[in-house]
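Working notes for the structure below.
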2 protein chains.
Amino acid sequence: MSGSVVVAGLGPGDPMLVTPEVQVALDRATDILGYIPYVARIAARPGLTLHPSDNREELARARHALELARQGHHAVIVSSGDPGVFAMASALFEALEAGAYDGNMDIRILPGITAMLAAAAKAGAPLGHDFCAINLSDNLKPWSIVEQRLRMAARGDFAMAFYNPRSKSRPHQFARVLEILREECEGQRLVIFARAVSTPDEALRTVTLEQATPDMADMRTVVIVGNSLTRQVGQWVYTPRAVTASGP
Amino acid sequence: MSGSVVVAGLGPGDPMLVTPEVQVALDRATDILGYIPYVARIAARPGLTLHPSDNREELARARHALELARQGHHAVIVSSGDPGVFAMASALFEALEAGAYDGNMDIRILPGITAMLAAAAKAGAPLGHDFCAINLSDNLKPWSIVEQRLRMAARGDFAMAFYNPRSKSRPHQFARVLEILREECEGQRLVIFARAVSTPDEALRTVTLEQATPDMADMRTVVIVGNSLTRQVGQWVYTPRAVTASGP
């Protein structure tokens, strides 16, 4: 009996944003693994075992899924958003590389609606031109790399989306991010704080960089910073498609 | 009778990647507008008018949708991938800004699976760490901005995804992109050419930067360039989640 591992993106929260491809994989699974609040989004049914686990258990979870597949199970690891964007897909390949790689293992990564694109759609089109996605957490990288990437993104006049901007264990870093942005960008630059998009707790707030304060973000917030041309029309925020030669 | 405009992302091609939210909007539409091959993906039905139009007609298409909504229609503009990533959402807000903005207009942007994330999922997890998305076309921006963004992205050690890498009218620019990357990155850097992902024409090819040639890309290709730590395990390409202090 040959098993499989699927890493599936559940999107930002609204079931209407789960792709049919992911839904079919969930319906066929024998085992679903993931961070506790993501597994909580899956309905129990006969023949399905749910394996919720804690945050920061990514590698152990990936190894568990590979072991279940070796035993013939159909394991689905669920991620919020897209599994390839600061989520479980990389952890699975790290586990695969660390264990003896089995070329016959049936593995599929199923994309999902990632938080920044759900947030951008609610706000308008702030990522409508070239943009960067940066994970502001320094759990797995030195803080100096975060600072370097922020400066390069600003000097390239990219719009930016920040994941994991702030947590209880890292309360001061987002203040430093705003400081760096103020050194690199004009004060009128637009900043969108998009919290829990597509869930009942959804809240969007657009301010200028000058007005932005660290407490506007928490771990459920995606922060989007426009480029130098990003503007507002009514309640919408968008980045134009064109940059004229006289532009930045 | 009050109308509406929806800008909906159809994903990269496979109907299994169309979100239920987008499907509901398509089912309720009275009018569907878009670039010819995207409108061709929509089934005809009584009560629905299809308005296919040519490429580079984005602003006229957006104005048409706003006009239909003013007349009480429910217009859906379809984009491939995600409408907020190098697609129709920004064009709609440009049209809205250029015409007198009507704050009562019912407008919604519905996210979709964008090409780079569908391509990344098929390849493994090459965008598993900080990354940039860059549109290589200079139809709407000076080429110098493309070069500047490439260099900043490389110096920030971002993974990169390139949209519109090459067209018949711009055959030489992608060669210049490869030249710049070779100046900024090591020759063993991994490059993925992902063509027509999730369609019957899908083709993925992973090479090193040294091996990459301009003819590997066309207008249906998304190109993904790893960061300095991106590696292969079996047929998969992934970027690890961690950067150690001794890293780049």
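Computed from point charges on the beta carbon alone (+1 for Lys and Arg, -1 for Asp and Glu), the dipole magnitude for chain B about its Cα centre is near 320 Debye. If only the Cβ of Lys and Arg carry +1 and only the Cβ of Asp and Glu carry -1, the dipole of the protein assembly as shown around its Cα centre is close to 80 debye. Shielding by partners for peptide A:107-120, expressed as the average number of C-beta atoms from other protein chains within 10 Å of each residue's C-beta, is 6. Annotation: amide H of A:SER53 within the under-5 Å range of A:GLY34, A:TYR35, A:ILE36, sequence separation 5 or more or interchain, hydrogens built in the peptide plane. Axis angle, to the nearest 10 degrees, between helix A:173-184 and the longest C-alpha principal axis of chain A: 40 degrees.
About the centre of its Cα atoms, segment B:1-76 shows a dipole size close to 120 debye [charges on the beta carbon of Lys, Arg (+1) and Asp, Glu (-1) only; nearest 20 debye]. With the highest mean first, a sort of the peptides A:177-183, B:73-79, A:107-113 on other beta-carbon atoms found within 10 angstrom per residue produces A:107-113, B:73-79, A:177-183. Reported to the nearest whole Å, the Cα centre-to-centre distance from segment B:82-144 to segment A:186-248 is 15. Here's how it looks for A:VAL237: its modeled amide H is under 5 Å from those of A:GLY124, A:ALA125, which are all 5 or more places away or on a different chain.
Each other copy holds its own label point for A:GLY47; taking that point as 7 Å from Cα along Cα to Cβ, the gaps run 3.6 nm, nearest first.
Fully extending the segment from B:TYR101 to B:THR208 would add 33.6 nm, taking 0.36 nm per residue of separation and subtracting the current Cα-Cα distance.
Looking only at segment A:109-239, where both bridge partners belong to it, what percent of the DSSP beta bridges are antiparallel (to the nearest 5)?
70
In chain B, helices alone account for a calculated mean residue ellipticity at 222 nm of -8500 deg cm²/dmol, with every DSSP H run of four or more residues adding -39,500 (n - 2.57).
Using a 7 Å offset from Cα along the direction of the beta-carbon, what are the separations from B:ASP106 to the same position in each other copy, nm, ascending? Nearest to farthest, the other copies are at 4.4 nm.
The phi-based Karplus calculation (6.51 cos²θ - 1.76 cosθ + 1.60; θ = phi - 60°) puts the 3J(HN,Hα) values of segment A:211-221 at 7, 5, 10, x, 5, 6, 10, 9, 5, 9, 9 Hz, whole numbers, x for Gly and Pro.
Of all lysines in the structure, those lying under 19 Å Cα to Cα from A:LYS141, and not within fewer than 8 positions of it along the same chain, are A:LYS168. Across peptide B:14-21, the mean count of Cβ atoms from other chains lying within 10 Å of each residue's own Cβ comes to 6. When a/c reaches 1.5 or more, the comparison of a/b and b/c decides; with that in mind, is the protein assembly as shown rounded, prolate or oblate per its Cα gyration tensor? Rounded shape, in that the Cα axes give a/c under 1.5.
Note on segment A:116-238: dipole from Cβ charges, positive end direction compared against A:LEU190, A:TYR238, A:ALA217; the farthest Cα belongs to A:ALA217. For chain B, what proportion of DSSP beta bridges, expressed in % and rounded to the nearest 5, is antiparallel? Roughly 40 percent of the DSSP beta bridges within chain B come out antiparallel.
Once both labels are positioned 7 Å from their Cα atoms along Cα-to-Cβ, the gap between A:ARG155 and B:ILE36 label points is 4.5 nm. Starting from the Cα of A:GLU179, move 7 Å in the Cα-to-Cβ direction to define the label point; list residues of segment A:192-229 whose amide nitrogen is under 14 Å from there. So the set is A:214.
The overall shape of chain B is prolate: from the C-alpha gyration tensor, with semi-axes ordered a ≥ b ≥ c, the ratio a/c is 1.5 or greater and a/b exceeds b/c.
Using a/c under 1.5 as the rounded threshold, could you call segment B:3-148 rounded, prolate or oblate? The axes a ≥ b ≥ c are square roots of the C-alpha gyration tensor eigenvalues, and prolate needs a/b larger than b/c, oblate otherwise. It comes out oblate by the Cα gyration axes.
Each copy carries B:GLN188; placing its label point 7 Å along the C-beta direction from Cα gives inter-copy distances of 4.9 nm, listed from smallest up. Most simply put, the protein assembly as shown has about 45% antiparallel DSSP beta bridges, counting only bridges with both residues inside it. Count Lys and Arg as plus one, Asp and Glu as minus one, and take only other residues whose Cβ is under 10 Å from that of A:ILE145; the net charge is then -2. Ranking B:ALA121, B:VAL39, B:MET16 by how far each Cα lies toward the positive end of the dipole of chain B (charges on Cβ) leaves B:ALA121 at the top.
Each value in this text was obtained by applying a stated rule to the coordinates, not by laboratory testing. Because the structure is predicted, anything quoted here is derived from the model rather than measured. Reconstructed Cβ throughout: ideal geometry from the backbone, glycine too, with neighbour counts over all protein chains shown.
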